[in-house]
Amino acid sequence: MDRREFTASLVAGGCAGMCVDLTLFPLDTIKTRLQSQQGFYKAGGFRGIYAGLPSAAIGSFPNAAVFFVTYESTKSLFSGYSATNLAPITHMLAASLGEIVACLIRVPTEVVKQRTQASPSLNTYRVLLNTLQEEGFRGLYRGYGSTVLRENLLVAI
């Protein structure tokens with residue numbers, strides 16, 4: 001993968017991910033609040049539907065950019081070693097590795113975003129500080145394994 005392809009994957013992936021995440025953010029907030037133990041209305045209902053948006057916006061571009069760069073690099077690396085009939089497996093492996101790497105960014109931003117959505121009285125920064133104080137750095141990666149597993153099952157399909 002040359003520099004031009006790298007830059008194209010980085011920018012295109014980041015922009016695409018950010019557009020999707022920011023467009024669907026209100027639906028994600030509603031889903032998170034419906035799943036909240038507090039119940040939809042106690043978790044904020046439709047009020048503060050954009051609570052947690054800063055976390056999503058900050059993590060969205062690098063998350064998608066890292067996925068696409070990893071995916072394209074891995075695909076490029078394997079293309080020289082695999083036969084044409086193995087192309088689907090090459091795509092699956094590249095996407096799987098892309099998800100593993102992207103989840104290193106996605107999971108902490110999702111943890112903060114979801115906690116902010118469920119507690120709209122707290123801002124993104126306060127939720128981040130509370131998580132670090134109460135659970136440490138590992139708290140930001142709560143659910144990393146299950147998220148990677150879920151994402152890899154989705155890319156395998």
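Only the coordinates and a few stated rules stand behind these numbers; no lab work does. Worth saying up front: this structure is predicted, and the values here are computed from it rather than measured. Glycine also receives a Cβ, built like all others from the backbone with ideal geometry; neighbour counts cover every protein chain displayed.
Residue count for segment 1-34, restricted to those that are over 15 Å from PRO120 (Cα atoms), free of Cβ contacts under 8 Å to residues at least 40 places away in the same chain and more than 16 Å from the chain's Cα centre (by Cα): 5. If we scan segment 64-72, do we find a residue that is in contact with a Ser or Thr (Cβ under 7 Å, 6 or more places away or on another chain) and among the charged types (D, E, K, R)? Checking segment 64-72: at least one residue is in contact with a Ser or Thr (Cβ under 7 Å, 6 or more places away or on another chain) and among the charged types (D, E, K, R).
Residues that are of a type in the set (S, T, N, Q) and farther than 16 Å from VAL112 by Cα within segment 36-65 comprise GLN37, GLN38, listed in sequence order.
Considering segment 83-95, the residues that are surrounded by 13 or more Cβ atoms within 10 Å (Cβ to Cβ) and among the small types (Gly, Ala, Ser) include one that is farthest from GLU5 (Cα to Cα), namely ALA87. For segment 130-148, how many residues are over 19 Å from LYS31 (Cβ atoms), surrounded by 12 or more Cβ atoms within 10 Å (Cβ to Cβ) and either of a type in the set (S, T, N, Q) or under 20 Å from the mean Cα position of the chain (by Cα) (or both)? Matching residues across segment 130-148 total 8.
Any idea which residue in segment 66-82 is surrounded by the fewest Cβ atoms within 10 Å (Cβ to Cβ), counting only those that are among the aromatic types (Phe, Trp, Tyr) and outside any loop (DSSP other than H, G, I, E, B)? Give the steps one after another, and end with the answer.
Residues of segment 66-82 among the aromatic types (Phe, Trp, Tyr): 67-68, 71, 78, 81.
Still in the running and outside any loop (DSSP other than H, G, I, E, B): 67-68, 71, 78.
Working: PHE67: 27, PHE68: 22, TYR71: 23, PHE78: 17.
By that ranking, first place goes to PHE78.
Take segment 96-114 and flag every residue that is in contact (Cβ under 8 Å) with a residue 60 or more places away in the chain and surrounded by fewer than 21 Cβ atoms within 10 Å (Cβ to Cβ). Result: SER96, single match.
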